[in-house]
Amino acid sequence: MEEIKVLMVSRATLFSHPGGDTTQILKTAEYINKIDGVSVTIKTVKDSIDFSQYHLLHLFNISRPADLLGVIKKSKLPYVLSTIFIDYSEVEAHHHNKYRVLLSKIFSPYQVEYIKTLGRILKKQDKLTDWQYPFLGQKKAMRKVITKAKMLLPNSTSEYRRLQKAFSINISYQVIPNAIDLHVFSKELNNEKRNVYKKFENAVISVGQITPVKNHLTLIKALNNTAYNVFIIGSPSGNALNYFEKCRKEAADNITFIPYMKQEELAFVYSMAKVHVLPSWFETTGLVSLEAAYMGCSIVITDKGDQKEYFKEDAYYCNPQSPESILEAVNKAYQAEMNQNLRERIKKNYTWDETAKKTAQVYKDVLGGN
């Protein structure tokens, strides 16, 4: 049987401004390429691509339809879509920039995203791959990408239900969960190397790209001048440099900023820390929360998005709008023992091995006409 060749394609800034979708793509590809009969290549929309080499496209991130429209048009290949459907309406309504708050009051969430996308295109951060986008607008462009897909691959049933409600669709889908790498995140870490990460022992950490949606500013207000040793680990996105500076100015002496760290380094950090907090305005999963929980951290998150489907009652939930609520959840999490139940559930259901197997089966089903 001929090997199935799949091209994964995502946003122009996938590697220059890495986020959870970057990890999702890299790890899914890495583990699929271990499966016989399937090979995966990763490209961004700014790359030159010879589509004739591939049987199928795997597109990512429906929130960036301007990036994807041209790929669909040029390739003429069937495609599956990992939706990563994020709702930015709450972060815009509570934005640190008063003009963004005003925009959110005047325009619909899709119109706000349209304005932001055009801004990124003008700054040459996003790539306009097809001139349809300015005329279609954000929501119609998203709908076009969604409805032409052979299969949708949301990270949860909750995400699919939100898509169904937002776009009035009834399209075939397969839940492909986000996951962790058991080869990277292991309790059997080199003890000598652990000493390098001693400063993170019993710390409160927050890992992730620094953007308003991750809500670092409210987190800082919650934990400023507390007894906790706090580390915010991640680099700002290109559009969040002002937000990053605002966070730095707000932070007290007990809060330390550390740039982006690779997963191999984060494994040691998670194993030393006591609590991982991600008070986001929205998360489809919260990959870093999965990783941290598996390595023994107590988890503080919000119920915004689809996180409850993953973490159920095994996390400490907070209100992202309230510093008091965040601090209360951190206090409770800090006193808690490691949640072995959550760790076992992650090991059983949320590994890249399983994610890769399910994704590869979708490729075979789609190309086989099932």
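The values are calculated or read from the model by the stated rules, or taken from the named source; none is laboratory data. Remember, it's a predicted structure, so these values are computed and weren't measured experimentally. All Cβ positions, glycine included, derive from the backbone under ideal geometry; neighbour counts span all protein chains shown.
Given the condition crowded, with 16+ Cβ neighbours inside 10 Å, of a type in the set (Phe, Trp, Tyr) and over 24 Å from Leu122 (Cα atoms), answer yes or no: does some residue in the range 73-94 qualify?
Taking every residue of the range 73-94 in turn, at least one turns out to be crowded, with 16+ Cβ neighbours inside 10 Å, of a type in the set (Phe, Trp, Tyr) and over 24 Å from Leu122 (Cα atoms).
Give the range 153-173 a look and list any residue that's over 17 Å from the mean Cα position of the chain (by Cα) and crowded, with 20+ Cβ neighbours inside 10 Å, or say none.
Tyr173
I want to confirm something. Restricting to the range 212-270 and keeping residues that are at pLDDT below 95 and of a type in the set (S, T, N, Q), which single residue is nearest to Leu118 (Cα to Cα)?
Here the residue is Asn239.
Each row is one residue, and each column tells you yes or no for (1) surrounded by fewer than 18 Cβ atoms within 10 Å (Cβ to Cβ); (2) out of contact with any Lys or Arg (no Cβ under 9 Å at 6 or more places or on another chain); (3) hydroxyl-bearing (Ser, Thr, Tyr).
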{"site": "Val175", "(1), (2), (3)": "yes, no, no"}
{"site": "Lys199", "(1), (2), (3)": "yes, yes, no"}
{"site": "Ala222", "(1), (2), (3)": "no, yes, no"}
{"site": "Gly234", "(1), (2), (3)": "no, no, no"}
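Here are some conditions: (1) outside the structural domain of Thr22 (by TED's automatic domain parsing); (2) at pLDDT 95 or above; (3) under 21 Å from Gln24 (Cβ atoms). Glu324 meets all but one. Which one does it not meet?
Tallying (1) outside the structural domain of Thr22 (by TED's automatic domain parsing); (2) at pLDDT 95 or above; (3) under 21 Å from Gln24 (Cβ atoms), Glu324 fails exactly one: (3).
Working only within the range 270-306, note down all residues that are within 19 Å of Lys347 (Cα to Cα) and aliphatic (A, V, I, L, M).
Hits for the range 270-306 are Leu287, Val288, Leu290, Ala292, Ala293, Met295, Ile299.
Looking only at residues that are without any contact (Cβ under 8 Å) to a residue 60 or more places away in the chain and in a helix (DSSP H, G or I) in the range 120-130, which one is nearest to the chain's Cα centre (by Cα)?
Once the filter is applied, the top-ranked residue is Ile121.
Kindly evaluate Gln164 against the criterion of being part of a helix (DSSP H, G or I) and out of contact with any helix residue (DSSP H, G or I) (no Cβ under 6 Å at 6 or more places or on another chain).
yes
Here are the criteria: (1) among the charged types (D, E, K, R); (2) surrounded by fewer than 24 Cβ atoms within 10 Å (Cβ to Cβ); (3) modelled with pLDDT of 95 or more. Tell me which single one Glu291 does not satisfy.
Among (1) among the charged types (D, E, K, R); (2) surrounded by fewer than 24 Cβ atoms within 10 Å (Cβ to Cβ); (3) modelled with pLDDT of 95 or more, the lone unmet condition for Glu291 is (2).
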